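> Okay, here's the structure, questions in a sec.
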Amino acid sequence: MCRSIKTLRPPVLPEEATAEDIHAAALQYVRKVSGFRAPAAHNREVFEEAVDEVAEATRKLLAGLEVRGAGGGARTAREAAR
């Protein structure tokens, strides 16, 4: 997998991932999967839609993850970042 995609959940990332962090990871993923660093004009729309969809899936994933061992039982990644 793409080595430049960083782990975005606490405690690896000390604070909640920003929209920019999530977009950058989604962009790297779509670039890796598609094999294009920048899409041609005729592929731009589908490329950008894919980035948006991966970013949304990432936001949902991070919001729902349970972080164990963070004291006080299982907490979602969002709660652990507070």
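> So which chymotrypsin sites (Phe, Trp or Tyr not before Pro) in segment 24-68 are both in a DSSP loop and have at most 16 other Cβ atoms within 10 Å of their Cβ?
PHE36
> Once you put a point 7 Å from the Cα of LYS32 and another 7 Å from the Cα of GLU66, both along the Cβ direction, what distance in nm separates them?
It is 2.7 nm.
Throughout, read-outs are computed from the coordinates displayed, never taken from laboratory work. Not measured: the values here are computed from a predicted model. Positions of Cβ are backbone-derived with ideal geometry, glycine not excepted, and every protein chain shown enters the neighbour counts.
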